[in-house]
1. Once you have all Cα-Cα distances for region 7-54, histogram them in 10 Å bins from zero and send the whole-percent values.
2. Using helices alone, I'd like the mean residue ellipticity at 222 nm for the chain: each DSSP H run of four-plus residues gives -39500 (n - 2.57), total over residue count, nearest 500.
Amino acid sequence: MSANVGGIDRILRIVVGLGLLSLVFVGPQTPWGWIGLVPLLTALVGYCPAYTLIGLSTCPLKPGSKA
């Protein structure tokens, strides 16, 4: 499992993830906000399974190298 999520992508995922998670606790308080865990976790780990399926990588490292 090599890193395929780059720096700017990670920042955007963290912001979106925290924004969605906030919907659970503030605002409409909808359980759909738990979906925010997905971008948050992929940003923290640096690996996105969906990117692997479509052959995309925003990480500046070469494929196969460790982050």
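1. 30, 47, 21, 2
2. Rounded to the nearest 500, it is -15500 deg cm²/dmol.
No value in this document is a laboratory result; all are computed from the given coordinates. Quantities reported herein were computed from a predicted structural model and do not represent experimental measurements.
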